[in-house]
Amino acid sequence: MFKKFLITLTAVILSFQVLADDKEKTTTLPEITDGQQYYALAKFAGPEKEVIEFFSFNSETCFKLDTTFNLTQKVSTNLPKNVKFKRYHLSNYSPLDKELAQAWAIANVLGIQDEIATELFNGIHNDKTIKTADDIKGVFVNLGIDEKKFENMKDNFLVKAFELQQNEAIEELQPAKIPSFYINGRYLINPNGLDNRSNESSINDYSRVINYLIELKD
């Protein structure tokens, strides 16, 4: 009798677990709407499909989302292949941002933006070793870029072009918070309207909404 009771109890528990799992799997995310997950700006969509992220190495929020949750990496790698992803650094968010924005331009031209991002975020927020322009230069030196090359890169044509595009995007879109994601120059992601059941679900919803907006025509 007792054995039969245990078997029955186990079956009931397992059935509840299956129902719970099924419910979790079939959770339907809300419809993507203007004013909820994104804001439509009073602008026309640009001629090419692109996503622009604005950030700052000085931002604690950017640091956590980048190093703990890999937000930028997940968003960029989940984009369709025909979509450009651009990441621009603010130049007036806090002290050293002008120098950090220039360093970001240099890193992009040299193709070491991932390594530089890791080192600058950690140096500013964890190690507390980056407080001056020379400290920024030291990060490049530690990655194998000697001081002379670093200084020469400041006048490099491609670096100047990247800085110009970066500044023009900031002036045009006027990001009020960071990180912020703009799609096709027409839509702005509203983080507060994303799926907030967990950090993971919120990060995943960035990609869901961004990829939806890339194809949106209105």
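The values are calculated or read from the model by the stated rules, or taken from the named source; none is laboratory data. What you see is a predicted model, and the numbers here were worked out from it, not measured in a lab. Here Cβ is always computed from backbone atoms with ideal geometry, including for glycine, and neighbour counts include all displayed protein chains.
Sort out which residues of the stretch 184-218 are among the acidic types (Asp, Glu) and outside any helix (DSSP H, G or I), and write them in order of number.
195, 215, 218
Is there a residue in the stretch 18-29 that is under 30 Å from residue 172 (Cβ atoms), at pLDDT 85 or above and over 17 Å from the mean Cα position of the chain (by Cα)?
Scanning the stretch 18-29 turns up no residue that is under 30 Å from residue 172 (Cβ atoms), at pLDDT 85 or above and over 17 Å from the mean Cα position of the chain (by Cα).
Please verify whether residue 181 is outside any loop (DSSP other than H, G, I, E, B) and within 16 Å of the chain's Cα centre (by Cα), treating the condition exactly as stated.
It is true that residue 181 is outside any loop (DSSP other than H, G, I, E, B) and within 16 Å of the chain's Cα centre (by Cα).
Report, by residue number, each residue of the stretch 129-156 that is closer than 20 Å to residue 91 by Cα and among the charged types (D, E, K, R).
Those that are closer than 20 Å to residue 91 by Cα and among the charged types (D, E, K, R): 131, 134, 135, 137, 151, 154, 155.
Can you list the helices (runs of 4 or more DSSP H) found entirely within the stretch 42-126 that contain at least 3 residues being in contact with an Asp or Glu (Cβ under 9 Å, 6 or more places away or on another chain)?
Correct list: 71-77, 97-110, 113-121.
For the structure I just gave you, tell me whether residue 130 is crowded, with 17+ Cβ neighbours inside 10 Å, at pLDDT 95 or above and closer than 18 Å to residue 67 by Cβ.
So residue 130 fits the description; yes.
Restricting attention to the stretch 131-159, report how many residues are touching a residue at least 40 places away in the same chain (Cβ under 8 Å) and assigned to a loop (DSSP other than H, G, I, E, B).
Going through the stretch 131-159 one residue at a time, the tally reaches 2.
Looking at (1) without any contact (Cβ under 8 Å) to a residue 60 or more places away in the chain; (2) within 30 Å of residue 194 (Cβ to Cβ), which is the only condition residue 58 fails?
(1)
Given 113, 73, 102, which one is modelled with pLDDT of 95 or more, surrounded by 20 or more Cβ atoms within 10 Å (Cβ to Cβ) and at negative phi?
102
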